[in-house]
Every structure is written in structure tokens, then in C-alpha cells.
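The values are calculated or read from the model by the stated rules, or taken from the named source; none is laboratory data. Since we're looking at a predicted model, the values are computed, not measured. A quick note on method: Cβ atoms are made from the backbone with ideal geometry, for glycine too, and the neighbour counts reach across all protein chains shown. Keep in mind that these areas ignore ligands, DNA and RNA; they rest on the heavy atoms of the full protein, side chains included. Shrake-Rupley method; radii C 1.70, N 1.55, O 1.52, S 1.80 Å.
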Amino acid sequence: MAEPTRVVCPGSFDPVTNGHLDIIERASRLFDEVVVAVLVNESKKGLFAIPERLELIAQATSHLPNVSVDSFQGLLVDYCTDVGITGIVKGLRTASDFDYELPMAHMNTHMSQVDTVFLATSHQFSFVSSSLVKEIVKGGADATGLVPDAVLARLQETLAP
């Protein structure tokens with residue numbers, strides 16, 4: 001019997017969007033276990049603290065029994081090796097995403113036995129990014145449908161004019 005396939009969906013998720021959730025949900029149908037891992041970058045100040053991001057992701061993915069949430073520091077491939085993950089799942093919105101991600105995927109495979117799988121973002125989320133959503137909410141516009149409802153509420157509490 002084959003070992004269960006464990007993959008990671010890494011990112012900053014500041015905040016998690018419906019585009020992220022689309023990739024996570026689709027990965028959960030393809031693989032036995034999906035770990036959504038939030039990168040802890042001490043030199044970068046995010047809108048939401050890491051524990052709050054983890055909580056929002058856990059809420060948004062609670063309907064997916066094979067999805068868990070974690071955080072990591074340092075190199076992604078080291079994290080994968082430490083926790084027994086054999087694959088990385090990345091969503092691609094545009095050709096420029098591919099141009100950015102492909103060299104990283106090659107380097108990760110060179111450094112370890114961790115492969116990267118690319119999933120094309122569903123067309124309805126191809127324009128959604130955490131940065132744009134924050135700008136929309138900060139400007140007082142409606143971001144309904146771009147992020148989970150709990151995330152929208154937190155964004156409005158934090159950013160709305």
C-alpha cells in the first residue's frame with residue numbers, strides 16, 4: 001500500500017482569499033493530506049498577526065477534513081523534510097506567476113526530493129490577491145465574494161474608513 005500523499009500549500013495568507021481557498025479545496029480532492037503553511041517572516045509586518053491568520057484559515061477550511069494549518073520559518077523545503085511532506089501545491093493566476101514560481105520549483109527539487117504541482121486558479125478568482133482586497137476594503141468598497149465572510153468582517157474592523 002502506498003504512503004499517503006502529503007502536500008503543502010505555502011503562503012503569507014495576509015489575508016486568506018477565496019482564490020487561496022479554491023486552490024486548497026482542489027488540492028484536498030487530489031491529495032490525501034494538505035497542510036496550509038503560513039510563512040513566518042520576522043522582518044515583514046503583516047496586517048494580521050500569524051496566530052490570527054492561522055485562525056482565519058482554520059475557520060475557512062474547517063469543512064475539509066484532510067486539511068490542517070501550520071506555520072513555518074526558514075526554507076520551505078526544510079519544513080517539508082522535517083514534517084514528511086513530499087509535494088508543494090502552488091496556484092497560478094498569470095504567466096508572470098509561472099515565470100516567478102518555476103525557478104523556485106526547480107531549486108526546491110534540486111535541494112530536496114520535494115516536487116511542485118501547479119494548479120491554475122479558477123477564472124473567477126484570477127484577479128484576486130490579498131493586497132488588492134486590502135486596498136478595496138481600505139478604500140471603503142465592497143469585497144464580498146473575494147474573501148470568506150469571517151475574513152471580510154476582520155478586514156472591515158481593521159481597515160474600513
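Summary table below
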{"quantity": "Residue in the range 137-145 that is closer than 13 Å to H20 by Cβ and surrounded by 14 or more Cβ atoms within 10 Å (Cβ to Cβ) present", "calculated": "no"}
{"quantity": "Whichever residue in the range 80-95 is touching a strand residue (DSSP E or B) at 6+ places or on another chain (Cβ under 9 Å) and open to solvent by 60 Å² or more (accessible area, probe 1.4 Å) and, among such residues, is modelled with the highest pLDDT", "calculated": "D82"}
{"quantity": "Cβ pairs under 6 Å, 6+ apart, first in the range 93-118 and touching a residue at least 12 places away in the same chain (Cβ under 8 Å), second open to solvent by 70 Å² or more (accessible area, probe 1.4 Å) and in a helix (DSSP H, G or I)", "calculated": "S112/T81"}
{"quantity": "Test: residue in the range 120-128 that is in a strand (DSSP E or B), surrounded by fewer than 16 Cβ atoms within 10 Å (Cβ to Cβ), in contact (Cβ under 8 Å) with a residue 12 or more places away in the chain and within 15 Å of the chain's Cα centre (by Cα)", "calculated": "yes"}
{"quantity": "Lone unmet requirement of (1) surrounded by 12 or more Cβ atoms within 10 Å (Cβ to Cβ); (2) on the phi > 0 side of the Ramachandran plot; (3) of a type outside the set (D, E) for M107", "calculated": "(2)"}
{"quantity": "Matching residues in the range 129-141 - criterion: being under 24 Å from I24 (Cα atoms) and in a loop (DSSP other than H, G, I, E, B)", "calculated": "S129"}
